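Report on one structure; see the data block that follows.
The values are calculated or read from the model by the stated rules, or taken from the named source; none is laboratory data. Computed from a prediction, not measured in an experiment: that's the story for all the values here. Note: ideal-geometry Cβ built from the backbone for every residue, glycine included; neighbour counts use all protein chains shown. We work out accessible area using only protein heavy atoms, side chains counted, and drop any ligands, DNA or RNA first. Shrake-Rupley method; radii C 1.70, N 1.55, O 1.52, S 1.80 Å.
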Amino acid sequence: MTYPVTLELLKTHSLPSLVQEELERMILDGRLVPGEQLREIPLAALLGVSRGPIREAFRALEEKGLVMVVKNCGVYVRTLDIEEADQIYEVRLVLERLIGEKVTRRIDEQGLQSLRETVSGMRDAVEDGDVTRYTGLNIAFHDTLARLTGNLKLHATYARLVGELSLFRRQTYVHDEQSLAISFSEHQTILNAIVERRAGEAGRLLQKHASDSQRRLHRALSS
(Lines give C-alpha, C1' and ligand atoms only; values in the text may rest on other atoms or scores of the structure.)
Protein backbone atom coordinates (compact mmCIF):
# COMPACT_ATOMS: atom_id res chain seq x y z
CA MET A 1 0.00 0.00 0.00
CA THR A 2 1.32 3.46 -0.89
CA TYR A 3 0.27 7.02 -0.09
CA PRO A 4 0.56 9.10 -3.31
CA VAL A 5 1.28 12.75 -2.66
CA THR A 6 -0.61 15.15 -4.92
CA LEU A 7 1.00 18.13 -6.64
CA GLU A 8 -1.56 20.38 -4.99
CA LEU A 9 -0.38 19.37 -1.52
CA LEU A 10 3.24 19.86 -2.48
CA LYS A 11 2.50 23.47 -3.45
CA THR A 12 1.93 24.34 0.20
CA HIS A 13 3.72 21.55 2.09
CA SER A 14 7.22 20.12 1.85
CA LEU A 15 7.52 16.39 1.36
CA PRO A 16 9.17 15.84 4.78
CA SER A 17 6.35 17.76 6.49
CA LEU A 18 3.75 15.59 4.76
CA VAL A 19 5.63 12.46 5.81
CA GLN A 20 5.86 13.79 9.36
CA GLU A 21 2.11 14.47 9.48
CA GLU A 22 1.33 10.96 8.25
CA LEU A 23 3.69 9.29 10.73
CA GLU A 24 2.24 11.43 13.50
CA ARG A 25 -1.27 10.30 12.55
CA MET A 26 -0.11 6.69 12.59
CA ILE A 27 1.26 7.14 16.11
CA LEU A 28 -1.83 8.93 17.41
CA ASP A 29 -4.16 6.43 15.73
CA GLY A 30 -2.35 3.53 17.38
CA ARG A 31 -1.03 2.06 14.13
CA LEU A 32 2.47 2.69 15.49
CA VAL A 33 2.54 1.86 19.19
CA PRO A 34 4.80 3.04 22.04
CA GLY A 35 8.07 1.11 22.05
CA GLU A 36 7.77 0.07 18.40
CA GLN A 37 10.89 0.52 16.28
CA LEU A 38 10.48 2.72 13.22
CA ARG A 39 12.49 1.44 10.28
CA GLU A 40 13.32 3.75 7.39
CA ILE A 41 13.07 1.29 4.50
CA PRO A 42 9.63 -0.23 5.26
CA LEU A 43 8.16 3.19 6.06
CA ALA A 44 9.62 4.71 2.90
CA ALA A 45 8.05 1.90 0.87
CA LEU A 46 4.72 2.28 2.68
CA LEU A 47 4.56 6.03 2.08
CA GLY A 48 6.02 5.94 -1.41
CA VAL A 49 8.97 8.22 -0.66
CA SER A 50 12.76 7.98 -0.38
CA ARG A 51 14.53 7.52 2.95
CA GLY A 52 15.56 11.20 3.14
CA PRO A 53 12.09 12.57 4.02
CA ILE A 54 11.65 9.74 6.52
CA ARG A 55 14.84 10.74 8.34
CA GLU A 56 13.80 14.41 8.38
CA ALA A 57 10.38 13.42 9.71
CA PHE A 58 12.04 11.41 12.48
CA ARG A 59 13.99 14.50 13.59
CA ALA A 60 10.83 16.60 13.68
CA LEU A 61 8.92 13.94 15.62
CA GLU A 62 11.80 13.68 18.10
CA GLU A 63 11.52 17.44 18.72
CA LYS A 64 7.79 17.00 19.37
CA GLY A 65 8.49 14.27 21.91
CA LEU A 66 6.76 11.52 19.95
CA VAL A 67 9.79 9.39 19.07
CA MET A 68 13.16 8.75 20.67
CA VAL A 69 16.46 8.09 18.92
CA VAL A 70 18.59 5.45 20.62
CA LYS A 71 22.23 5.62 19.55
CA ASN A 72 23.32 2.58 17.53
CA CYS A 73 19.87 1.05 17.94
CA GLY A 74 17.40 3.09 15.92
CA VAL A 75 14.26 5.18 16.26
CA TYR A 76 11.34 4.13 18.48
CA VAL A 77 7.89 5.47 19.24
CA ARG A 78 8.35 7.09 22.61
CA THR A 79 7.17 5.27 25.71
CA LEU A 80 5.88 7.65 28.36
CA ASP A 81 5.53 6.43 31.93
CA ILE A 82 2.86 7.65 34.33
CA GLU A 83 5.34 9.70 36.39
CA GLU A 84 6.35 11.69 33.30
CA ALA A 85 2.71 12.12 32.35
CA ASP A 86 1.91 13.55 35.78
CA GLN A 87 4.77 16.03 35.46
CA ILE A 88 3.42 17.15 32.09
CA TYR A 89 -0.07 17.52 33.50
CA GLU A 90 1.30 19.67 36.33
CA VAL A 91 2.47 22.20 33.75
CA ARG A 92 -0.52 21.77 31.47
CA LEU A 93 -3.00 22.58 34.25
CA VAL A 94 -1.46 26.03 34.60
CA LEU A 95 -1.41 26.65 30.85
CA GLU A 96 -5.03 25.56 30.36
CA ARG A 97 -6.38 28.31 32.63
CA LEU A 98 -4.21 30.91 30.90
CA ILE A 99 -5.32 29.72 27.45
CA GLY A 100 -9.00 29.76 28.39
CA GLU A 101 -8.85 33.30 29.72
CA LYS A 102 -6.76 34.73 26.87
CA VAL A 103 -8.63 33.10 24.00
CA THR A 104 -12.04 34.10 25.36
CA ARG A 105 -11.00 37.75 25.44
CA ARG A 106 -9.64 37.89 21.89
CA ILE A 107 -11.39 35.25 19.75
CA ASP A 108 -13.36 36.51 16.76
CA GLU A 109 -16.40 35.07 14.98
CA GLN A 110 -14.27 33.12 12.52
CA GLY A 111 -12.48 31.44 15.40
CA LEU A 112 -15.76 30.64 17.13
CA GLN A 113 -17.12 29.10 13.95
CA SER A 114 -14.03 26.90 13.65
CA LEU A 115 -14.55 25.66 17.22
CA ARG A 116 -18.26 25.02 16.60
CA GLU A 117 -17.45 22.91 13.53
CA THR A 118 -14.87 20.93 15.48
CA VAL A 119 -17.28 20.24 18.34
CA SER A 120 -19.97 19.23 15.84
CA GLY A 121 -17.56 16.71 14.36
CA MET A 122 -16.75 15.43 17.84
CA ARG A 123 -20.46 14.83 18.45
CA ASP A 124 -20.67 12.75 15.27
CA ALA A 125 -17.59 10.76 16.27
CA VAL A 126 -19.09 9.98 19.68
CA GLU A 127 -22.33 8.79 18.07
CA ASP A 128 -20.35 6.56 15.72
CA GLY A 129 -17.99 5.35 18.45
CA ASP A 130 -15.10 6.48 16.25
CA VAL A 131 -12.16 6.80 18.65
CA THR A 132 -9.66 7.67 15.93
CA ARG A 133 -11.69 10.56 14.55
CA TYR A 134 -12.59 11.84 18.01
CA THR A 135 -8.95 11.82 19.07
CA GLY A 136 -7.92 13.93 16.08
CA LEU A 137 -10.73 16.44 16.62
CA ASN A 138 -9.99 16.66 20.33
CA ILE A 139 -6.38 17.55 19.60
CA ALA A 140 -7.51 20.08 16.97
CA PHE A 141 -9.92 21.76 19.42
CA HIS A 142 -7.25 22.39 22.05
CA ASP A 143 -4.61 23.34 19.50
CA THR A 144 -6.99 25.92 18.02
CA LEU A 145 -7.58 27.44 21.45
CA ALA A 146 -3.85 27.73 22.13
CA ARG A 147 -3.18 29.16 18.66
CA LEU A 148 -5.94 31.75 18.93
CA THR A 149 -4.44 33.20 22.11
CA GLY A 150 -2.05 34.96 19.73
CA ASN A 151 0.93 33.97 21.88
CA LEU A 152 3.26 31.92 19.67
CA LYS A 153 5.46 30.74 22.56
CA LEU A 154 2.44 29.63 24.55
CA HIS A 155 1.08 27.72 21.55
CA ALA A 156 4.41 26.00 20.86
CA THR A 157 4.91 25.00 24.49
CA TYR A 158 1.37 23.72 24.81
CA ALA A 159 1.55 21.77 21.53
CA ARG A 160 4.68 19.97 22.72
CA LEU A 161 3.08 18.96 26.02
CA VAL A 162 -0.15 17.77 24.40
CA GLY A 163 1.81 15.90 21.75
CA GLU A 164 3.58 13.89 24.41
CA LEU A 165 0.37 13.17 26.30
CA SER A 166 -1.34 12.03 23.11
CA LEU A 167 0.75 8.86 23.35
CA PHE A 168 -1.73 7.92 26.10
CA ARG A 169 -4.91 9.55 24.83
CA ARG A 170 -6.24 6.79 22.57
CA GLN A 171 -5.49 4.17 25.22
CA THR A 172 -7.71 6.07 27.67
CA TYR A 173 -10.67 6.12 25.30
CA VAL A 174 -10.30 2.48 24.28
CA HIS A 175 -10.23 1.27 27.89
CA ASP A 176 -13.18 3.42 29.00
CA GLU A 177 -16.03 3.65 26.50
CA GLN A 178 -17.81 6.30 28.58
CA SER A 179 -14.79 8.62 28.31
CA LEU A 180 -15.80 9.75 24.81
CA ALA A 181 -19.22 10.97 25.89
CA ILE A 182 -17.86 12.60 29.05
CA SER A 183 -15.07 14.30 27.14
CA PHE A 184 -17.50 15.62 24.52
CA SER A 185 -19.80 17.07 27.18
CA GLU A 186 -16.85 18.88 28.74
CA HIS A 187 -15.82 20.36 25.39
CA GLN A 188 -19.34 21.59 24.69
CA THR A 189 -19.45 23.31 28.10
CA ILE A 190 -16.06 24.94 27.46
CA LEU A 191 -17.23 26.20 24.07
CA ASN A 192 -20.37 27.69 25.62
CA ALA A 193 -18.28 29.65 28.13
CA ILE A 194 -16.06 31.00 25.36
CA VAL A 195 -19.03 31.99 23.18
CA GLU A 196 -20.56 33.82 26.15
CA ARG A 197 -17.25 35.59 26.82
CA ARG A 198 -16.92 34.22 30.36
CA ALA A 199 -13.12 34.29 30.42
CA GLY A 200 -12.61 33.22 34.03
CA GLU A 201 -15.09 30.38 33.68
CA ALA A 202 -13.51 29.19 30.41
CA GLY A 203 -10.11 29.07 32.09
CA ARG A 204 -11.48 27.20 35.10
CA LEU A 205 -13.33 24.68 32.91
CA LEU A 206 -10.27 24.00 30.76
CA GLN A 207 -8.15 23.45 33.85
CA LYS A 208 -10.74 21.10 35.33
CA HIS A 209 -11.03 19.26 31.99
CA ALA A 210 -7.30 18.60 32.02
CA SER A 211 -7.44 17.46 35.66
CA ASP A 212 -10.32 15.09 34.87
CA SER A 213 -8.37 13.78 31.88
CA GLN A 214 -5.45 13.02 34.17
CA ARG A 215 -7.70 11.04 36.51
CA ARG A 216 -9.19 9.08 33.59
CA LEU A 217 -5.69 8.22 32.46
CA HIS A 218 -4.82 6.83 35.90
CA ARG A 219 -8.01 4.77 35.93
CA ALA A 220 -7.35 3.36 32.47
CA LEU A 221 -3.78 2.37 33.28
CA SER A 222 -4.76 0.73 36.57
CA SER A 223 -7.57 -1.35 35.03
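Assorted remarks:
- Cross-chain or 6+ apart pairs with Cβ under 9 Å, segment 203-216 first and within 20 Å of Lys102 (Cβ to Cβ), then open to solvent by 50 Å² or more (accessible area, probe 1.4 Å) and among the hydroxyl-bearing types (Ser, Thr, Tyr): Leu205/Thr189; His209/Thr189
- Glu62 outside any strand (DSSP E or B), out of contact with any strand residue (DSSP E or B) (no Cβ under 7 Å at 6 or more places or on another chain), surrounded by 14 or more Cβ atoms within 10 Å (Cβ to Cβ) and without any contact (Cβ under 8 Å) to a residue 60 or more places away in the chain: no
- Within segment 147-158, the only residue that satisfies the criterion of being surrounded by 17 or more Cβ atoms within 10 Å (Cβ to Cβ) and either modelled with pLDDT under 95 or within 12 Å of the chain's Cα centre (by Cα) (or both) is Tyr158.
- In this structure, Gly30 does not qualify as open to solvent by less than 30 Å² (accessible area, probe 1.4 Å), touching a helix residue (DSSP H, G or I) at 6+ places or on another chain (Cβ under 6 Å), modelled with pLDDT under 90 and not in a helix (DSSP H, G or I).
- Selected residue (criterion: least open to solvent (accessible area, probe 1.4 Å)) from residues of segment 33-46 that are among the aliphatic types (A, V, I, L, M) and within 23 Å of Ala159 (Cβ to Cβ): Leu38
- Only one of Glu90, Glu83 that is over 15 Å from the mean Cα position of the chain (by Cα), modelled with pLDDT of 95 or more, among the acidic types (Asp, Glu) and surrounded by fewer than 16 Cβ atoms within 10 Å (Cβ to Cβ): Glu90
- Qualifying residue in segment 125-141 (condition: in contact (Cβ under 8 Å) with a residue 24 or more places away in the chain and outside any helix (DSSP H, G or I)): yes
- Count - residues of segment 35-59 that are of a type in the set (Gly, Ala, Ser), within 22 Å of the chain's Cα centre (by Cα) and part of a loop (DSSP other than H, G, I, E, B): 1
- Odd one out for Ser183 among (1) open to solvent by 10 Å² or more (accessible area, probe 1.4 Å); (2) touching a residue at least 40 places away in the same chain (Cβ under 8 Å); (3) over 19 Å from Pro34 (Cα atoms): (1)
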